[in-house]
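Q: Got a structure here, written out as structure tokens. Questions coming.
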Amino acid sequence: MRSAPTPPLDLDSDADLLRMIQTDDPAEMEALFHSAHAVRRRHYGDGVYFRGLIEFTNYCKNDCYYCGIRRSNAKLTRYRLSHAQILACCRQGDALGYRTFVLQGGEDPHCTDAWMESVVRDIRAEFPRHAITLSLGERSRASYERLFRAGADRYLLRHETADETHYRRLHPASMCLRARKQCLFALREIGYQVGAGFMVGSPFQTATELLRDLRFLQALQPQMVGIGPFIPQADTPFGRYPGGTLTMTLKMVALSRLLLPAALIPATTALGTIAPDGRERGLLAGANVVMPNLSPQRVRKQYALYDNKICMGDEAAECRTCLEARIRRYGLAPDLSRGDCAGWRSDVRREAAAGAPA
Ligand code: SAM
Ligand code: FES
């Protein structure tokens, strides 16, 4: 039997990881992407999972300095999809073949536990076998438990940066890294498939912060890892800062794949925004998920986290066709199944969470 390619570095060594984060040697980077792609193939083959993304509210009570939907951005027209509109997006996604819905939004005080619970319950009732992913920011443990019981399976909450000092420079004093980490550990305990992650090239980030991010991911062992470049948004305090680069983002995707071989890692829209083939290159550097947009076209422009976001004018069906073609062009295979993390048994986790014998 042929042995799998060995990563060209010692993953336990901080010095090795730092060297790889800092290298601009093309051969070394190529070898890294190659190893990450081989590891991803070992766990997931050539399949690329599709997630239908519903950006259902751009109201947010927070004021992150980098984010275009922050509450202080008075230039933004705010919207919130109704319960019925979210269900309609799910139906459209189902018709397109998607078996995972991702409900993402700002931290919108209108989205109370009772309201979110009724949305999740109704999606679960209509689509019993689909995965429901939430990305609603920081909530209480009781809230996460309630939404899990209502039928949510997965939760995305990027930690943004694992360094306390850096976190404070990206966020107002009302937010803290400790609270964010507590949320992530609570979500994991409850039984969600958990996604953490960070922006690459956010203001004041250095190789040391990136190393911390990787080590934090290793400690948390999330099932999903969301990594995308920071892209400035003109109406935010960081609107004139430089954005993250394609190369650095690809390196972080690849290193995350090597450190967490079975993780679900999206080739993010932000990656596709900074380079026309950014998502494809992400898929060849260890990523294995894409998240086509299912939000109604009329609200897409308002979910303006950063400038020049792609796919603003496309219909949901166009996004699917476009992504499928891009994936096939690189010899990969669109996979429309639920796409749980390799080795994950949601039935067992749910029974365990409910106190029944697993
Ligand atoms: N409110 C939820 C939360 O906090 O997780 C979900 C929405 S939040 C806008 C989704 C992600 O967008 C954040 O975790 C952040 O990493 C990313 N984001 C925000 N502003 C960005 C920017 N300027 N460039 C790239 N990514 C950005
Ligand atoms: Fe909404 Fe940061 S501005 S979570």
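Just so you know, all these numbers are worked out from the coordinates, no wet-lab data involved. None of the values given here were measured: they were computed from a predicted structure. Note: ideal-geometry Cβ built from the backbone for every residue, glycine included; neighbour counts use all protein chains shown.
Q: State whether segment 152-299 is rounded, prolate or oblate according to the following rule on the C-alpha gyration tensor (a ≥ b ≥ c being the square roots of its eigenvalues): a/c under 1.5 gives rounded; otherwise a/b larger than b/c gives prolate, and the remaining case gives oblate.
A: In terms of gyration-tensor shape, rounded.
Q: Can you list the DSSP H helices in the chain whose Cα atoms extend at least 15 Å along the helix axis and whose mean Kyte-Doolittle hydropathy is -1.0 or higher?
A: Qualifying helices: 26-44, 83-95, 113-126, 177-190, 207-220, 246-259, 316-329.
Q: Another question about this same structure. Taking the Cα centroid of segment 26-85 and of segment 111-179, what is the distance between the two, rounded to the nearest whole Å?
A: Rounded to whole Å, the Cα centres lie 14 Å apart.
Q: Helix-derived [θ] at 222 nm for the chain: sum -39500 (n - 2.57) over DSSP H runs of at least 4, divide by residue count, nearest 500?
A: Helices in the chain give a 222 nm mean residue ellipticity of -13000 deg cm²/dmol.
Q: Work out the length of the dipole vector of the chain about its Cα centre, built from +1 on the beta-carbon of each Lys and Arg and -1 on the beta-carbon of each Asp and Glu, and round it to the nearest 20 debye.
A: With only Lys, Arg, Asp and Glu charged at Cβ, the dipole is about 660 debye.
Q: With a 4.7 Å Cβ cut-off, tell me which Cys residues in the chain come up empty for a partner.
A: Unpaired cysteines in the chain: C60, C89, C90, C111, C176, C183, C311, C319, C322, C341.
Q: Out of A234, Y330, Q218, whose Cα points farthest toward the positive end of the dipole of segment 197-335 (charges: +1 Lys, Arg; -1 Asp, Glu; placed on Cβ)?
A: It is Q218.
Q: In the Gaussian network model of the chain, springs joining C-alpha atoms below 10 Å, which of A275, A150, A285 carries the largest mean-square fluctuation?
A: A275
Q: Mind checking segment 120-163 for trypsin sites (Lys or Arg not before Pro) that DSSP puts in a loop (not H, G, I, E or B) and that have at most 16 other Cβ atoms within 10 Å?
A: Of the trypsin sites (Lys or Arg not before Pro), the ones in loops of segment 120-163 whose Cβ has at most 16 other Cβ atoms within 10 Å are R129.
Q: Straight distance only, please: which aspartates and glutamates reach the Cα of K181 with their own Cα at less than 13 Å, same-chain residues fewer than 8 apart left out?
A: Of all the aspartates and glutamates, those that pass the test against K181 - Cα under 13 Å, at least 8 places apart if same chain - are E138, E160, D163, E164, E189, D213.
Q: Another one. Name the trypsin sites (Lys or Arg not before Pro) in segment 66-98 that are in a loop by DSSP and that have at most 12 other C-beta atoms within 10 Å, would you?
A: In loop regions of segment 66-98 (DSSP not H, G, I, E or B), the sparsely surrounded trypsin sites (Lys or Arg not before Pro) are K75.
Q: Would you work out the charge dipole size for segment 117-247 about its Cα centre, treating the Cβ of every Lys and Arg as +1 and the Cβ of every Asp and Glu as -1, and quote it to the nearest 20 debye?
A: In debye, rounded to 20, segment 117-247 gives about 220.
Q: A further question follows. Calculate how many DSSP beta bridges within the chain are antiparallel, expressed in % of all such bridges and rounded to the nearest 5.
A: The antiparallel fraction comes to roughly 5 percent.
Q: List the lysines whose Cα lies under 25 Å from the Cα of K309, skipping any in the same chain that are fewer than 8 positions away.
A: Result set, ordered by chain and number: K61, K75, K251, K301.
Q: Related question: Checking the a/c ratio against 1.5 first, then a/b against b/c, what shape does the Cα gyration tensor give for the chain?
A: rounded
Q: Let me ask something else about it. Taking a ≥ b ≥ c as the square roots of the eigenvalues of the Cα gyration tensor of segment 78-161, is the shape rounded (a/c under 1.5), prolate (a/b larger than b/c) or oblate?
A: Rounded.
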